[in-house]
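The values are calculated or read from the model by the stated rules, or taken from the named source; none is laboratory data. The model shown is predicted, which means the values in this text are computed figures rather than measured ones. Cβ: placed from backbone, ideal geometry, glycine included. Neighbour counts: every protein chain shown.
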Amino acid sequence: MSSQPYDAIVVGSGAGGAAAAYQLALAGLRVVMLEKGDHLPTDGSTLDIRRVVHQGEFLSQEPWLDGRGRRIVPEEHFNVGGKTKWYGAALLRFAEHEFAPDPAHGCRGWPLALQELAPYYEEAERLLGVRIIENEPNLARILARLQRQSSGWQAQPMPMGLAADITAHRAEASHFDGFASAAALKGEAERSFLSLLRSRSNFRLLVNAEVATLLGSAGDPATVTGVRLTDGRSFTAPHVFLAAGALHSPRLLSGYLRRTGLDNTLPAAAHVGRHLKLHLLTAMISLSPGIKTDLIRKTTLLVNERFPHSSVQPLGFDDELIATLLPRALPLAVRRLISRRAYGFFLQTEDGSDARNRVQDESVSGSLPTLDYDAQRLLPAAREHRAFTRALQRALARAGMVSVTRRIGLTGTAHACGSLVCGLSAADSVVDRDARVHGMQGLYVVDGSVLPRSSRVNPSLTIYAWGLRAGQRVAGQSRDRGTTAQRAAPEAHYAA
């Protein structure tokens, strides 16, 4: 058992966990963050295409089952900063209407409005160094031709979490999308939040610290009091924040509910792991005669009012990376010839919420966790995504570009959310508007699993904003109760 007093335990160091820990520690609470993985190396290996893409060196090898019982390995990352170290640095706000329910598309509503999250969006953007980067010549010409040839396509600047001087580092600038910066040139959880806590005596980060189970009060299992790690160590605190991600936080919660019998008595338990959302995703490679030389390509968001739940953004891929998306049946020389003349695009459509799309822990299969998700359960989204993809292909064809597509399958879990969905009532959700699990004390969720809607854009900024809001509210309540008064601060242990 840990002998040091903590006010809060944060399980996971990604967007939501880092944001919540930042608020809690700044407010003076004693915080321990538990990260399953380790720090990433800064020797340049996280920018190496061979090691990152071809060998998958930095991906989790954790096996799962899909809904049909077939073995799969989701593309997850266990490291300090979580997926934010690897993401493409696109940091967009959800629109006001995307907080409201959309029954025709199968979308649930949020228990709060955009206005309540807006101040935290602003704070997250400031901490992440969000900026607008001008379109480079190739993309500017593609957009001009596209908008001349096809009506309805609207381009808007992409808010990016990239350092102002990233173009001075060519390897970083051409490999920021899907790669981890070795020189801290991306706005992400470790650089933008956790590093600001490094010198604080009330914050401790433990790496290689995998949580095995939640701990509860002996007399009241609905009150969570701490966690136990796989190595046997235990930590206690009055506030425990799950931030392990939409595939992993539900497993921790469902396992605890089952062991304590709360799965039979707690209304919210029926919804744990359900309503998983992944976005419907397609990569499109578009070819035209001229050689493409743009360095920073991911600078525009493209939408069309005919497809209100969909958006497209350029892939931040250079020709070497685009070649990895082309059919392996083609000789390498041909793939390289094509990729030098190609631009990549990333199409995404918001999926609806279906209770059958879910994460289940190992107890269901008896061996492995299950990721049961089928886009055909979401017919409005599936239809819109197909039509959206065809419409963009046709529009680009009229603009002189031939396109091929590749769907991102079930293992592509970069945008996973919704599996511990927030709402006003335990009758149809797991988490309340203040991030606390319905019917429980001391347990909060601050990762993407709370999102009832995923919008038509990347969810990262919204997860940061949710974490900031939750951390501030819990810190304020703790301060009011005086839980940190007159305690001796533990020694700082930010693992280097």
inquiry  = Just to check your reading of the model, which residue among 29, 24 is within 24 Å of residue 468 (Cβ to Cβ), modelled with pLDDT of 95 or more, of a type in the set (A, V, I, L, M, F, W, C) and in a loop (DSSP other than H, G, I, E, B)?
reply    = 29
query = Here are some conditions: (1) assigned to a helix (DSSP H, G or I); (2) crowded, with 16+ Cβ neighbours inside 10 Å. Residue 115 meets all but one. Which one does it not meet?
reply = (2)
task = Select from segment 425-448 the residues that are outside any loop (DSSP other than H, G, I, E, B) and basic (Lys, Arg) and list them in ascending order.
result = 436
inquiry  = Among the residues of segment 449-471, are any surrounded by fewer than 20 Cβ atoms within 10 Å (Cβ to Cβ) and not β-branched (Val, Ile, Thr)?
reply    = no
request  = Filter segment 218-240 down to residues that are surrounded by 14 or more Cβ atoms within 10 Å (Cβ to Cβ) and hydroxyl-bearing (Ser, Thr, Tyr) and give me whichever is farthest from residue 6 (Cα to Cα).
outcome  = 223
key: Candidate set from segment 34-79 (those that are under 30 Å from residue 365 (Cα atoms) and β-branched (Val, Ile, Thr)); member that is surrounded by the most Cβ atoms within 10 Å (Cβ to Cβ)   = 72
inquiry  = Condition first: touching a residue at least 60 places away in the same chain (Cβ under 8 Å) and polar (S, T, N, Q). Now tell me which residues in segment 128-176 satisfy that.
reply    = 135, 138, 149, 150, 154, 156, 167, 174
message = Tell me the residue from 73, 31 that is more than 17 Å from the chain's Cα centre (by Cα), touching a residue at least 60 places away in the same chain (Cβ under 8 Å) and closer than 26 Å to residue 355 by Cα, please.
response = 73
Selected residue (criterion: modelled with the highest pLDDT) from residues of segment 399-424 that are in a strand (DSSP E or B) and within 23 Å of residue 86 (Cα to Cα) = 417
Residue count, segment 163-214 (criterion: within 19 Å of the chain's Cα centre (by Cα), of a type in the set (Gly, Ala, Ser), outside any helix (DSSP H, G or I) and buried (at least 19 other Cβ atoms within 10 Å of the Cβ)) = 3
